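Everything below concerns the one structure shown next.
The values are calculated or read from the model by the stated rules, or taken from the named source; none is laboratory data. This is a predicted model, so every value here is computed, not measured. Here the Cβ is made from the backbone with ideal geometry for all residues, glycine too, and neighbour counts use every protein chain on show.
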C-alpha cells in the first residue's frame, strides 16, 4: 500500500510541476495556488516520515516549509518567509547532529551565531532588513550545505547522496529567490524574470529528494 501511495504521490507532483512551470512561463494567473498545493502534498507526506528522531525532525522541517511558503507565495511577506526558513535550516541542523553524532549545541552555535552576527552587520551597513535577514539565512544554509556533502563523503550511502543533491537544488532555489526579491542592479529584467521561473523548478524536486531520505516514500517491494 505504501509503495502504491509513493508512486501516486510522485505522479501527482509531476503533473503539478508541469502545470505550474507552464503557467509561470506563460504568465498565467493562479500558479501560486498550484505551487502551494504541490508543497502542501510534500508536507502531508512528511507526516509519514517515520518515528526515528532524525525523520521526526524532517517532519518538523516540512511543517515549517509549508508555513514559510504561506508567507512567501500566498501573503507575499518576504521577511517572515525567510525567518521561518531559518527555522527549517535549524531543523536540518538538528538532523545533522543526530546523523553525525556531533554535539547539538555546537552544531547550532556554528550556524546561528555567525548568521546573527553577519546578518546584523549586513543589515546595518546596507540599511536593509531584507538583506540582513537574507544574509543570516544564507550563513545558516551554507554550513548545512557543506555538512550535507560531509555526510556523503565520510559515510556514503544512497540516502546521504539524495540529501546532498536535494540541498544543492535547495541552494539553487534560494539563489533564484534572492535574485528575484532583492533584484540586484547587476541583473537585467530578463535575468530576474528567469530566476522567478527557475525558483520552483529547483525547489519542488529538492523537497521531494529530501523527503525521499525518510521513511515517507517507498519504491521497493519488501523481500
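Which one is nearest to residue 164 (Cα to Cα), of the residues in the range 188-202 that are free of Cβ contacts under 8 Å to residues at least 60 places away in the same chain and within 15 Å of the chain's Cα centre (by Cα)?
If we filter the range 188-202 for residues that are free of Cβ contacts under 8 Å to residues at least 60 places away in the same chain, which is where we start, we get 188-195, 198-199, 202.
So of that shortlist, the ones also within 15 Å of the chain's Cα centre (by Cα) come out as 198-199, 202.
Details: 198: 19, 199: 18, 202: 14 Å.
Among them, the one singled out is 202.
Conditions (1) surrounded by 15 or more Cβ atoms within 10 Å (Cβ to Cβ); (2) modelled with pLDDT under 90; (3) assigned to a helix (DSSP H, G or I), marked per residue:
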{"site": "122", "(1), (2), (3)": "yes, no, yes"}
{"site": "143", "(1), (2), (3)": "yes, yes, yes"}
{"site": "153", "(1), (2), (3)": "no, yes, yes"}
{"site": "156", "(1), (2), (3)": "no, yes, no"}
{"site": "159", "(1), (2), (3)": "yes, yes, yes"}
{"site": "162", "(1), (2), (3)": "yes, no, yes"}
{"site": "170", "(1), (2), (3)": "yes, no, yes"}
{"site": "179", "(1), (2), (3)": "yes, yes, yes"}
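Which residues, taken from the range 34-60, are farther than 16 Å from residue 9 by Cβ and modelled with pLDDT under 95?
51, 52, 53, 54, 55, 56, 57, 60
Look at the range 104-119 and say how many of its residues are farther than 20 Å from residue 160 by Cβ and touching a helix residue (DSSP H, G or I) at 6+ places or on another chain (Cβ under 8 Å).
Initially, the range 104-119 is screened for residues farther than 20 Å from residue 160 by Cβ, giving 105-106, 108-109, 112-119.
Add one more test, that the residue is touching a helix residue (DSSP H, G or I) at 6+ places or on another chain (Cβ under 8 Å), and what stays is 108, 112, 114-116, 118-119.
Total satisfying the criteria: 7.
Which one of these does residue 28 not meet: (1) surrounded by fewer than 14 Cβ atoms within 10 Å (Cβ to Cβ); (2) without any contact (Cβ under 8 Å) to a residue 24 or more places away in the chain; (3) part of a helix (DSSP H, G or I)?
(3)
Mind checking which pairs have a first residue in the range 10-23 that is at positive phi and in a helix (DSSP H, G or I) and a second that is modelled with pLDDT of 95 or more and loosely packed, with under 13 Cβ neighbours inside 10 Å, Cβ under 7 Å, 6 or more apart or different chains?
Hits for this filter: zero, empty list.
Give me a count of the residues in the range 31-53 that are touching a residue at least 60 places away in the same chain (Cβ under 8 Å) and surrounded by 17 or more Cβ atoms within 10 Å (Cβ to Cβ).
Going through the range 31-53 one residue at a time, the tally reaches 8.
Pick out the one residue from 136, 68 that is modelled with pLDDT of 90 or more, buried (at least 19 other Cβ atoms within 10 Å of the Cβ) and closer than 22 Å to residue 200 by Cβ. Step through it out loud before you land on a result.
Working: 136 fails: closer than 22 Å to residue 200 by Cβ.
Unique residue meeting the criteria: 68.
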